[in-house]
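The values are calculated or read from the model by the stated rules, or taken from the named source; none is laboratory data. Note that the structure is predicted; figures quoted are calculated from it, not measured. Counting neighbours? That spans all protein chains shown, and the Cβs are built from the backbone with ideal geometry, glycine included. Side chains are part of the model used for accessible areas, which takes the heavy atoms of the whole protein and leaves out ligands, DNA and RNA. Shrake-Rupley method; radii C 1.70, N 1.55, O 1.52, S 1.80 Å.
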Amino acid sequence: MKNDRSWTEIDLTNFEDNISELRKFIKPDTRIMQIVKADAYGHGAYEIARKSIKCGASYLGVANAQEGFLLRYQGIRIPIVILSPSLVNEINIILENDLIPTISSYQFAKELAKQSNRKINIHINIDTGMGRSGFEYDSALKEIDKIKKLPNLFIQGIFSHFSSAENDLEYTEHQNIKFQKFIRNLSEKPELIHIANSSGVVTMNSDYCNLVRIGLLSYGVYSDPQLKEKIKLKPVMSFKTRISQIKTAMENDSIGYNRTFTSSATMKYAILPVGYADGYDFLLSNKGKVLIKNKECDVIGKVSMDMTAIDVRELDVSVGDEVLLLGDQSEMFRAENVVLNYNGSSYELLCQIGRRAKRYYKENGEIISSSPLLRRDFVSLDYSDEKLNTVIETAIEQRLQSKEISNLVYSEFLKRFFAEHDRDIHYRRNFRHYIEFNEHKFAELNQYFQTNTTLTFTKVLQQDYFYVACANEESKLEKYFLRPDVEYRWLIDKNLGSTLFDLTSVKINDIELYHEMKMTDDCLEIRCYHPELKNLKGKEVEFSISTQTFYPKDLHQLAVYLIELTQGAEITFNFGNVLESAEAVPIFSGRSKFPSITCGKNEITISTQTDEWIFPTSGVVFVY
Ligand SMILES: *Cc1c(COP(=O)(O)O)cnc(C)c1O
């Protein structure tokens, strides 16, 4: 966050608490459909989907086939219902991704039945007064009978939708009764019957239904102030930024487009690097408030596309200070209260926020993961999966000039980083490995050089510990290559015990870590940890790992591998005065296959530009 211009924090613990609160209003056997349309109201569909599954949701609701496709692509397996009517040209995406379409017209049902070659689940939408999509109430029974005659379609659910469950009980009741009557008149009841959105869950009893579709309230936003008396909700999203500039306006100076604000006296004001393109609504011009060091400040002048000015005359602030725009514990900054400033809609505010912001996910107050902007629209509508795959593969193949390696890089690297894993791309930066051979005075080890190594790199800290591993056989060391919590591995000569591998220093930033050794299956595992690391989790930190060991003289080669995605590398082999010379044979894949090689008097260094990407597995063999 330190480097972000603006960011959102998504508190998954609050989300879980809201679900528990909502559960108090539903029967234990009623199922939950978590609504994750519009990227889960701006909270991140994938992460919310995963969390809601953990909280017991059995269905997900999206707005269109593309949103469902993206979730499938990211590995979500539970049933996904598309709530809006789909278009005929979306049928192939629906079928390929096993999505459940909502049927609002016979025409669409017929086309769907025609294109499908297997039985697929559908939900039927009945308009009981929402006046939007869905079959017209009076003719719906007849339409359902027609649909039943079509091949390949299985009516899994029938539903309706409340128009004003948050504040018009009378009308909601009217819709509820209508729908209940409709269900009673069905000759055959489907497995799932549903009408309530999250407000309906709290305000209306629909016990004849067995599924609820929850959206807004699960995100901790009140749809109406009256609901506060009934349910306790905690906001899930916060939107934050930092002061980017501080200025002084003289009396009568105007601030922002079209001079809508003029200062009445000399005043200090600050510029925030967010505007309506970031989702900070234009209508907050001259109306919004932000929170800095627990003090409210007014938005002055018009919110522009990329910047907003605020009044800080009463405050002692500096560039870089954190600014709360929405959310957190502050009552005034709850979405429903922010929109009161301009008579807006909290649904709208949430789903427009953070178009340029990275999201950080929190659980129990700690950042557990983040999602970059890039991944949100990785699957572009214009590209079929297949086409996209081919483009990427060909691009990599061109670069690497090897079909085999490009396949590997593609499948192991891109797919893993973008699709399957729930993580941001983790990579090492400023990778530096320094290896030094020395003479020593241990007679029994005269066939070995004493070897000192220092490895430094920067990376986002994932846990408050990590491991260094050492073994004397490649096969034993192998399992450590797969483990993300192992930062360094060393293969020691098979005639040496791993006790001759020693960590001389392990640091993160300037903290010297504790280490604990343990032997398991003939491997030496060293756990490196420190209580202070807890505070650094999720932040980019500098690792520094120094070792001392021994290396066989007669091996005549020493290999160093980069097994993680790395940006910028420098690997130095210093042979002091124990060798006359050495050569380096780099095996690199990435933007350049040929790092530069510099030879000193008794050392040899290979290096890339600091911003250059190096793919795993690259490396260098020093030959002596
Ligand atoms: C968006 C939506 C919901 C969720 O509504 P909330 O008011 O956010 O709980 C439920 N059902 C349908 C059909 C929807 O489109």
When only the heavy atoms of the protein chains count and the probe is 1.4 Å, how do 257, 46, 624 rank by accessible area, highest first? 257, 624, 46
How much length is gained on full extension from residue 534 to residue 363, taking 0.36 nm per residue of separation minus their Cα-Cα distance? 60.2 nm
Put 445, 169, 340 in order of accessible area, largest first, 1.4 Å probe: what do you get? 340, 169, 445
Report Rg (one decimal) and Dmax (nearest whole number) for segment 427-623, counting Cα atoms only, units Å. 16.5, 47
What per residue convex hull volume, in Å³, comes out for segment 132-190 when only alpha-carbon positions are used? 93
Students often get this wrong, so check it: of 289/537; 114/148; 24/534, which have C-alpha atoms separated by over 24 Å? 289/537; 24/534
Theoretical gain in end-to-end length, residue 114 to residue 141 [0.36 nm per residue, Cα-Cα removed]: 7.5 nm
Would you calculate a helix-derived [θ] at 222 nm for the chain, using -39,500 (n - 2.57) for each DSSP H run of n ≥ 4 and dividing by the full residue count, to the nearest 500? -5500 deg cm²/dmol
Using alpha carbon coordinates only, what is the Rg to Rh ratio of segment 269-319, with Rh defined as the Kirkwood radius? 0.95
When only alpha-carbon atoms count, how far does segment 508-577 stretch along each of its three principal axes, as whole angstroms with the largest first? 45, 34, 25
Loop only per DSSP, at most 16 neighbouring Cβ atoms within 10 Å: give me the chymotrypsin sites (Phe, Trp or Tyr not before Pro) in segment 1-38, ordered by residue number. none
Considering only C-alpha atoms, what is the centroid distance from segment 289-337 to segment 596-617, in Å? 46
For the chain, what is the accessible area per residue in Å², given a 1.4 Å probe and the full set of protein chains? 47
Going through 54/358; 51/287; 51/230; 358/593; 51/518 one by one, the pairs whose alpha carbons sit over 29 Å apart turn out to be 51/287; 358/593; 51/518
Extended-chain gain in nm, criterion 0.36 nm per residue less alpha-carbon gap, residue 257 and residue 208: 12.1 nm
For residue 26, what accessible surface area do you get with a 1.4 Å probe? Give it in Å², rounded to 10. 30
Overall Cα dimensions of segment 167-304, principal axis frame, Å, largest first: 75, 28, 27
What percentage of all Cα-Cα pairs in segment 237-373 are separated by more than 21 Å? 40
At what distance in angstrom do the alpha carbon centres of segment 149-181 and segment 64-104 lie from each other? 21
Nothing charged except the Cβ atoms of Lys and Arg (+1) and of Asp and Glu (-1): what's the magnitude of the dipole of the chain about its Cα centre? Round to the nearest 20 debye. 1480
Hey, any idea what the orientation-averaged projected area of the convex hull of the chain's Cα atoms comes to, in nm²? 35.2
What ratio of Cα Rg to 2.2 N^0.38 Å holds for segment 88-171? 1.18
On the full set of protein chains, 1.4 Å probe, figure out the accessible area of residue 461 and give it in Å² to the nearest 10. 10
Can you compute the modelled spin-label distance between residue 345 and residue 313, with each label point 7 Å from Cα toward Cβ, in nm? 3.8
Can you give the accessible area of residue 521, probe radius 1.4 Å, in Å² rounded to 10? 110
What nm distance separates the two modelled labels at residue 185 and residue 546, each placed 7 Å from Cα along Cα→Cβ? 8.4
Which of 346, 526, 466 sits closest to the plus end of the dipole of the chain, meaning its Cα is farthest towards the positive end, when Lys and Arg get +1 and Asp and Glu get -1 on the C-beta? 346
Distance in nm between residue 87 and residue 232 label points, each 7 Å along Cα→Cβ, equals 4.7
Stokes-Einstein D for segment 526-618 at 25 °C, 0.890 mPa s, Kirkwood Rh over Cα pairs, in µm²/s? 155
Mean shadow area of segment 25-229, taken as a quarter of the surface of its Cα convex hull (nm²): 10.9
In whole Å, what are the Cα extents of segment 481-541 along the three principal axes, biggest one first? 41, 25, 16
If you count, for each residue, the other Cβ atoms within 10 Å and average over each peptide, how do 312-320, 37-45, 571-579 line up from highest to lowest? 37-45, 571-579, 312-320
Here the convex hull volume per residue of segment 1-87, taken over Cα atoms and given in Å³, is 122
